[in-house]
Structure formats: structure tokens, C-alpha cells
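Chemist: Sending over a structure as C-alpha cells; questions will come in a sec.
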Amino acid sequence: MSHEAFEPETPHLDFEGTTPYEDYVRADVLTHLQHTLSDDPGEMVFLVTTQVMELWFTVIVHEWETAANALRGDDVPTAVDALKRSVRELDALNASWKPLGQLTPAQFNAYRGALGEGSGFQSAMYRRMEFLLGDKSASMLVPHRGTPRVHAELEKALHEPSLYDEVLRFLARRGHPVPDEVLSRDVSRRYEPSPRVEEVWTAVYSGDERDEVARLGEALTDVAELVWRWRNDHLVATRRAMGAKAGTGGSAGVAWLEKRARNNVFPELWTARSYV
């Protein structure tokens, strides 16, 4: 019997115009967005890694907005599914530090000048992530005044309830004694921990751990842990590459990152554990 009978059928190769894969993924666009500004070969790694981070920010924002919308409709399973997906995506995002985590000062300085005043804290999509986590500040809209669409999206996110705000409103609808001052707070301001919210989570964790509210709490804690790891990995990579020097774009560099790394996301989910 001929061997041809066992060979797989040749896929369709002849297309009018672009391939269906290109139409969907837009790979040609993605792979031509890299425009280095120095002659150092290491700059390409830095640029591509940063662009990959931006893509992960985008999908994580999508997941957290999905979770927030689901909680607004009391749909816990959909919210938990979105949070669990975001945990895997945060793992991938955090792995993005691997290509940059071993940079020596000399290697970073070889193309640092190409960044000019550019700095990661100017990332609009990362800012939307932070806003969804409840870390809000109207001043962070200022760098984006020159891009109306981006500024409008950030302003909208600033004035919308964060993911954690939606969690606490959901808990209140479930009969948990979330204080009125938390439920009616100005959501455009940074969330501040509440002892009474801590008591709510203490009661949740003292009950049936199979309850969907407890499972929601654990999904949020998984997210918070990986956000903390992201901030610490950023701190370590920066400290290794540039020590205590001022950061690009006028940021305080390591000093600013150290302060960020000390802030827990969804704080009462961590402190309540001391009382269970």
C-alpha cells in the first residue's frame, strides 16, 4: 500500500489576500510595532517585553471588569471564573520580568537613554488595573491629558466602583454588615481599610469554607498575592538594574516601588486571618 494513503491531508494554503489567521490575530501589526531607538541589541528585549506586559494588562483589566459586572448582578460563579483566569494571566505577566530581571547596570544603561522621559507609571492600562484594585488618584490622569480617548477611559474608571467596591456591595446584599460609610464612600478616592469590613471577612472565614463567599474571598486573595509579587519583582528588577538612582520620567525609582510593595491589595482579606 502506498505511503501517500497515510499522509495527512495537505491544509488549504492558497488564500485571497491575507490568511484567516492574520485577519484574526493581526500578527503582522504586532510584529512590526517594535522601533528601537538605540543600537544596543538588548533594547529589543526590553521593548518587546514591555509591549507583552501591556497586552497582559489589557486582558487582566478585561477579566476584572467581567468579575465586577458579574458581582453587580450577584453572579458569583462568573466572577470567580474570571478571577481564576486572571490568576493564570498574572502568573504569565509576572514571568515577563524574567528577561529583564538579570540586567546589570551597564546593560540597562546601554539603552536607558532611549526611554527619555518614558516610565512604566505612565502606562494607562496599568493605571486601569490599579483603579480596579481600589488604588485611585485623580492626579494619575494628568499624564494622559494629551490623549483624549485614553484620558476619558481613565476618568470613567476613576469614577466607577472598583472591583473591591463591587465585592463589598455584594456582601452587603447578602446580609453581611458592611458599614454604610464604606458603601457610600467616594469611589474616586483610594480605598482605605475598615475595621468593620475586617470583621465581615473574619466572620466569612470563620464559617463554612465551601461557601461561595469564602471561595470568592480566596479567589480575591490569589489575585492580591500575585499583584504583591508583581510589585516586588518590579522592585527587585529595578534595584538590580539601576540601584537607588532616580527612575525614568522623574519617578523616585526604587523608593517609590518600595512604598508600593508595602501596600496590600484587598487589605482586610489579609488582616482578618489573624482573628479566625
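Chemist: Considering the Cα positions of the stretch 63-130, please state its Rg to one decimal place and its Dmax as a whole number of Å.
Modeler: Taking only Cα atoms of the stretch 63-130, I get Rg and Dmax of 17.4, 53 Å.
Chemist: Please compute the contact order of the chain in relative form: average sequence separation of alpha-carbon pairs under 8 Å and at least six residues apart, divided by the residue count, as a percent. Walk me through the numbers on the way to the answer.
Modeler: Working: 288 pairs, mean separation 59.4, N = 276.
Averaging sequence separation for qualifying contacts and normalising by length gives 22 percent for the chain.
Chemist: Right, another one. Report ³J(HN,Hα) in whole Hz for each residue of the stretch 20-26, in order, from the Karplus equation J = 6.51 cos²θ - 1.76 cosθ + 1.60 where θ = phi - 60°; Gly and Pro get x.
Modeler: In residue order, the calculated couplings are x, 4, 5, 4, 7, 8, 6 Hz.
Chemist: At a threshold of 8 angstrom on Cα-Cα distance, excluding pairs fewer than six apart, so keeping six or more, what relative contact order does the stretch 105-237 reach in percent?
Modeler: Worked out over the stretch 105-237, it gives 20 percent.
Chemist: Shifting gears a bit: Could you give the spread of the C-alpha atoms of the chain along their three principal axes, from largest to smallest, in whole angstroms?
Modeler: That works out to 68, 64, 36 Å along the principal axes.
Chemist: Using the Kirkwood radius built from alpha carbon pairs, what does the Stokes-Einstein equation give as D for the stretch 194-268 at 10 °C and 1.306 mPa s, in µm² per second? The partial results should precede the final answer.
Modeler: On the way: Rh = 14.4 Å.
It comes out at roughly 111 µm²/s.
Chemist: For the pair Ser139 and Ser184, what calculated FRET efficiency results from E = 1/(1 + (r/R0)^6), where r is the Cβ-Cβ distance and R0 = 25 Å, to the nearest 0.05? Walk me through the numbers on the way to the answer.
Modeler: Details: r = 24 Å, r/R0 = 0.94.
In this case the efficiency is close to 0.60.
Chemist: Within straight cross-link reach of Lys156, meaning Cα distance under 17 Å, which aspartates and glutamates are found once same-chain residues fewer than 8 apart are removed?
Modeler: Glu65, Glu130, Asp135, Asp165, Glu166, Asp186
Chemist: Quick one: 3J(HN,Hα) in Hz for the stretch 189-194, Karplus 6.51/-1.76/1.60 with θ = phi - 60°, rounded, Gly and Pro as x.
Modeler: 9, 4, 5, 10, x, 10
Chemist: Choose one of Tyr111, Met129, Leu158: the residue whose Cα lies farthest towards the positive end of the charge dipole of the stretch 94-167 (beta-carbon charges +1 Lys, Arg; -1 Asp, Glu; about the Cα centre).
Modeler: Value computed over the given set: Tyr111.
Chemist: Projecting each Cα onto the charge dipole of the stretch 165-276 (Lys/Arg +1, Asp/Glu -1 at the beta carbon, about the Cα centre), which of His234, Phe266, Thr221 comes out farthest on the positive side?
Modeler: The Cα lying farthest towards the positive end belongs to His234.
Chemist: How high is the relative contact order of the stretch 1-101, in percent, counting Cα pairs under 8 Å that sit 6 or more residues apart? Don't skip to the answer; put the middle values down first.
Modeler: Working: 44 pairs, mean separation 23.5, N = 101.
Here the relative contact order equals 23 percent.
Chemist: If you average the C-alpha positions of the stretch 254-276 and of the stretch 83-138 separately, how far apart do those two centres end up, in angstrom?
Modeler: Here the answer is 19 Å between Cα centres.
Chemist: Still on this structure, I have one more. Where the accessible area of the stretch 1-124 is counted over protein heavy atoms with a 1.4 Å probe, how much of it, in %, is carbon and sulfur? Let's see the in-between values first.
Modeler: Numbers: 4760 of 8060 Å².
In the stretch 1-124, the share of accessible area belonging to carbon and sulfur is 59 percent.
Chemist: Summing +1 for each Lys or Arg and -1 for each Asp or Glu, what net charge is found among the other residues whose Cβ lies under 15 Å from the Cβ of Thr78?
Modeler: Working: positive: Arg72, Lys84, Arg85, Arg215; negative: Glu63, Glu65, Asp74, Asp75, Asp81, Glu166, Glu212.
In short, -3.
Chemist: For the ranges 136-147, 167-178, 13-24, what's the packing order if you count other beta-carbon atoms within 10 Å of each residue, average per peptide, and put the highest first? Display every interim value, and only then the final one.
Modeler: On the way: 136-147: 13.6, 167-178: 17.4, 13-24: 8.9.
Per-residue mean Cβ counts within 10 Å order the peptides as 167-178, 136-147, 13-24.
Chemist: Please list, in order along the stretch 116-129, the HN-Hα scalar couplings obtained from phi with the Karplus expression 6.51 cos²θ - 1.76 cosθ + 1.60 (θ = phi - 60°), rounded to whole Hz, x for Gly and Pro.
Modeler: Result, ordered by residue: x, 9, x, 8, x, 5, 7, 5, 5, 6, 5, 5, 5, 4 Hz.
The values are calculated or read from the model by the stated rules, or taken from the named source; none is laboratory data. Everything numeric in this text was worked out from a predicted model, so none of it was measured. Ideal geometry is used to build each Cβ from the backbone, glycine not excepted, and the neighbour counts take in all protein chains shown. In case anyone asks, the SASA skips ligands and DNA or RNA and just uses the protein heavy atoms, side chains included. Shrake-Rupley method; radii C 1.70, N 1.55, O 1.52, S 1.80 Å.
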